[in-house]
Each structure stands twice: as structure tokens, then as C-alpha cells.
Amino acid sequence: MENIIESIESEVSKLLNESLEESAKKSNMAAAGYDEGWYAGEMNAYEKVFNFIEKLKEKDLETSKRVIGYDDFGKQLYEGDFCTFDVNAADWRFKPDNIRKSGLATLEGQVTYNEQDKCYELSIDNDYCPALYFHAIEPGTLRVKESKEQVKDDIRINPDKINFLEVSNENACKIARLSASPELDKIMGIYTKKSNEFAFSVNYYARLQDTNEFDVIACVEINNKNWLRRDFPDVADKVIKLADTYRNIEPVVIPLNKEELNIIEEKFNDYYINIYGNDDIER
């Protein structure tokens, strides 16, 4: 299909150029108001066909991209897409700059096909580990990297519902606890329609670290595993995994996009300045 389109495009392009040359030669001899229109019409016809072929090529390119599945947030994943994800890089020889105490680091990679292994992988910019298989990344962290326009259309939090309950300024890290948030529960995949406080609890915190990195973290604890399994089977496995991560490694960083982080950070700054003053929040 692609070869056919290119062949037609080449031929139409040649005809368009010939038409332009012919028009330039004969336009001086053209009868005003009649032949002039014929030459112009001929060129317009070629241009319309040429533009149609360009659109056809774009459509063919879109449909030729192979859908290989979905990211961990329900977005379709295509070959060639860029993604962000977490990986345990504690044993890497060349460690990423943003590696955390737990050994986890958030990286960006492109979905590519490995002809030798006959499988898809994530190509990354690291001399020690230039590519990763999908099973090597942390479950629940794979996200398709979206354009600014897509991100703006995909804001999942309401600024008016972002409220803080308390704030602390210890160990060179500024932290503020957020009020209960069904929106954040949904993003984390642990939303329940009825009260879950007897089965498990979750607290969300906005955190400004001494490295000037801002994020939102979740601290999940199980209050009664039997009740969790019985009353909330749909989210039980996810809650248990998040609770194990919090207990054994560190709080879980919530996968928010840039627009969502900016919204929470702006509210965080206003709240913090109101308590400690403007000088203390300068970065």
C-alpha cells in the first residue's frame, strides 16, 4: 500500500511541475478570462489530488502503527510510543540521576520491537541497560507519555476539592497531608463506594523534598485483611501490594501528570505560605 501511494504521489508531483512549466510558457498567449482559467484549473486539480494523497499517507501511517496492548492506566499502547515507568535500578552500574532510596527510579523509554528476541521492549537512554523487557518494570507504573493537549483533556482532579489538613517542616522536607480524596483513590485504583476505614486506610501527602522535587505520595495500611478480602475484593490485591510497599520500602508516589501536579503544588504553596510565610517556601 505504501509503495503504491508513493508511486502515485511521484507521478502527480511530476504532472503538477509540468503543468506549472506549461502554464508559465503559454499564459502570455492565453485569452483573458478563458484560457487563463483553464490553466489555473488544471493546476488546482493536480494540487487537490496531491493534497489528498498527503492526507491518505498520514492516515495510512496512523493505521499501520501496531497496538500492542494498554498501559497501566487504560490507554492504548502503540509501537513507537514513549512511556514513563518505574524500575528497580539499585544494582545498575550506571544509576539514573533520579534514583530514590528504595532503589526505584522513574525513567522514560520508547516501545520498540526486538527482531532477535521477537518481542516488544522499552528502549532507554542508559549505557548499562539500553533496553528493558516489560516484565522488568514495576507493575502499575507504565504510562503512555501524552502531549500537552492530551494532558489538559485528561485532568482527573478538581482544584476546588484539594484541601490540606496539616503541614510539617522536618528533615529538610516539607510535607502537607491532604484531606480524603476519592479522586486520588481512583487514580491509585483503590476507590470504594462505601466506607473502607475498618478494612484499610490511606493517607495522601504533598511532599517538597530538599532536592526541590515535588510529588504526592500515598501511605496505605491494612486494618483488617479478612474484612478487606470480604468487603472489597475488587481492590484487595492492589491495597495489599501498596501496603506492603509502604511497610517495607517507602511511600508510593502517585502517578499524576504534570498539569495535575501543578494544580496540587500551587495549592500546597498557598497553604504553606499561609502558615510559615513566603520566605520559607522559596526554591
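FYI, it's all coordinate maths here, none of it is from the lab. If you're wondering where the values come from, they're calculated on a predicted model, not measured in any experiment. Please note: Cβ atoms are built from the backbone with ideal geometry, for glycine as well, and neighbour counts cover all protein chains shown.
Side notes on the structure shown:
- Modelled FRET efficiency - R0 35 Å, LYS118 with LYS14, Cβ distances, 0.05 increments: 0.30
- Restricted to Cα atoms, segment 136-245 shows a radius of gyration and a Dmax of 15.6, 44 angstrom.
- In sequence order, segment 201-217 has phi-based couplings of 10, 9, 10, 10, 9, 8, 9, 10, 7, 5, 8, 6, 7, 10, 8, 10, 10 Hz under the Karplus curve 6.51 cos²θ - 1.76 cosθ + 1.60, θ = phi - 60°, and Gly or Pro positions carry x.
- HN-Hα J in Hz across segment 122-134 - Karplus 6.51, -1.76, 1.60, θ = phi - 60°, x for Gly and Pro: 10, 7, 10, 9, 8, 5, 6, 9, x, 8, 10, 6, 4
- Listed residue (ASN196, TYR271, TRP227) projecting farthest to the positive dipole end of segment 159-278, Cβ model: TRP227
- Segment 189-269 - charge dipole about Cα centre, Lys and Arg +1 at Cβ, Asp and Glu -1, debye rounded to 20: 520 debye
- Spin-label model, SER179/ASN226: points 7 Å from Cα along the beta carbon direction are separated by 3.5 nm.
- For HIS135 and ASN262, the difference between the fully extended length at 0.36 nm per residue and the C-alpha to C-alpha distance is 42.6 nm.
- The convex hull built on the alpha-carbon positions of segment 80-145 has an orientation-averaged projected area of 4.5 nm².
- Between VAL67 and ILE275, the simple label model (points 7 Å from Cα in the Cβ direction) yields a spacing of 4.6 nm.
- Placing unit charges on each Cβ (+1 for Lys and Arg, -1 for Asp and Glu) gives segment 68-145 a dipole about its Cα centre, and among TRP92, SER102, PHE73 the Cα reaching farthest toward its positive end belongs to SER102.
- The fewest-to-most ranking of TYR204, TYR133 by surrounding Cβ atoms within 10 Å reads TYR133, TYR204.
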